[in-house]
């Protein structure tokens with residue numbers, strides 16, 4: 001079952017978020033710590049009018065989610081950027097034992113509906129360059145690379 005998270009879901013979301021950051025730490029240990037966002041952050045997103053956790057359940061257990069937020073183009077007060085109201089997916093996770101069963105695709109489909117209801121133009125997200133399975137999934141559900149972020153250690 002797909003739904004928008006509520007305050008009763010904080011503990012399950014926190015646990016999934018910690019799982020996500022363990023994976024991110026394994027991929028880029030110089031960037032990520034293997035600990036999730038604090039529960040206060042999760043609560044603030046649940047209470048926000050501009051963001052939601054889209055959760056998917058199996059047997060009343062949250063097995064995946066996406067954190068999505070409404071955003072605007074940066075520096076909108078300047079003519080350098082065109083008006084662009086879009087959705088941004090901060091994170092998406094489906095527990096490993098529930099992958100390849102369509103849960104991630106269903107979450108993305110719901111994110112698209114979420115963005116359409118808000119009259120947003122697109123959905124953006126980031127993926128680590130060496131997270132090949134995530135990148136393949138995002139491309140498979142219709143995301144296209146449009147910008148590359150580069151980093152140089154000093």
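Checked against the criterion of being in contact with a strand residue (DSSP E or B) (Cβ under 8 Å, 6 or more places away or on another chain) and exposed (fewer than 14 other Cβ atoms within 10 Å of the Cβ), the candidates 80, 133, 48, 100 yield just one match: 48.
Would you check if there is a residue in the range 65-74 being loosely packed, with under 11 Cβ neighbours inside 10 Å and under 30 Å from residue 153 (Cβ atoms)? Yes, the range 65-74 contains at least one residue that is loosely packed, with under 11 Cβ neighbours inside 10 Å and under 30 Å from residue 153 (Cβ atoms).
If you check 152, 116 for being farther than 23 Å from residue 43 by Cα, at pLDDT 95 or above and surrounded by fewer than 13 Cβ atoms within 10 Å (Cβ to Cβ), only one passes: 116. Pairing residues of the range 81-92 that are on the phi > 0 side of the Ramachandran plot and in contact (Cβ under 8 Å) with a residue 12 or more places away in the chain with residues that are assigned to a loop (DSSP other than H, G, I, E, B) and buried (at least 18 other Cβ atoms within 10 Å of the Cβ), at Cβ distances under 6 Å and at least 6 apart in sequence or on separate chains, gives no pairs at all.
The residue pairs whose first member lies in the range 126-142 and is under 12 Å from residue 93 (Cβ atoms), whose second member is part of a loop (DSSP other than H, G, I, E, B), and whose beta carbons are closer than 7 Å, counting only pairs six or more residues apart or on different chains, are 134/127. Of the strands (runs of 3 or more DSSP E) lying entirely inside the range 1-75, the ones with 3 or more residues being more than 17 Å from residue 99 (Cα to Cα) and within 16 Å of the chain's Cα centre (by Cα) are found at 51-58, 61-72.
Restricting attention to the range 12-37 and to residues that are more than 14 Å from residue 93 (Cα to Cα) and out of contact with any helix residue (DSSP H, G or I) (no Cβ under 8 Å at 6 or more places or on another chain), the residue that is surrounded by the fewest Cβ atoms within 10 Å (Cβ to Cβ) turns out to be 30.
Only one residue in 100, 80 is at pLDDT below 95 and closer than 19 Å to residue 138 by Cα, so which one is that?
The match here is 100.
The values are calculated or read from the model by the stated rules, or taken from the named source; none is laboratory data. The structure displayed is predicted, hence computed values, not measured ones. Heads up, the Cβs are rebuilt from the backbone with ideal geometry, glycines too, and the neighbour counts pull from every protein chain shown.
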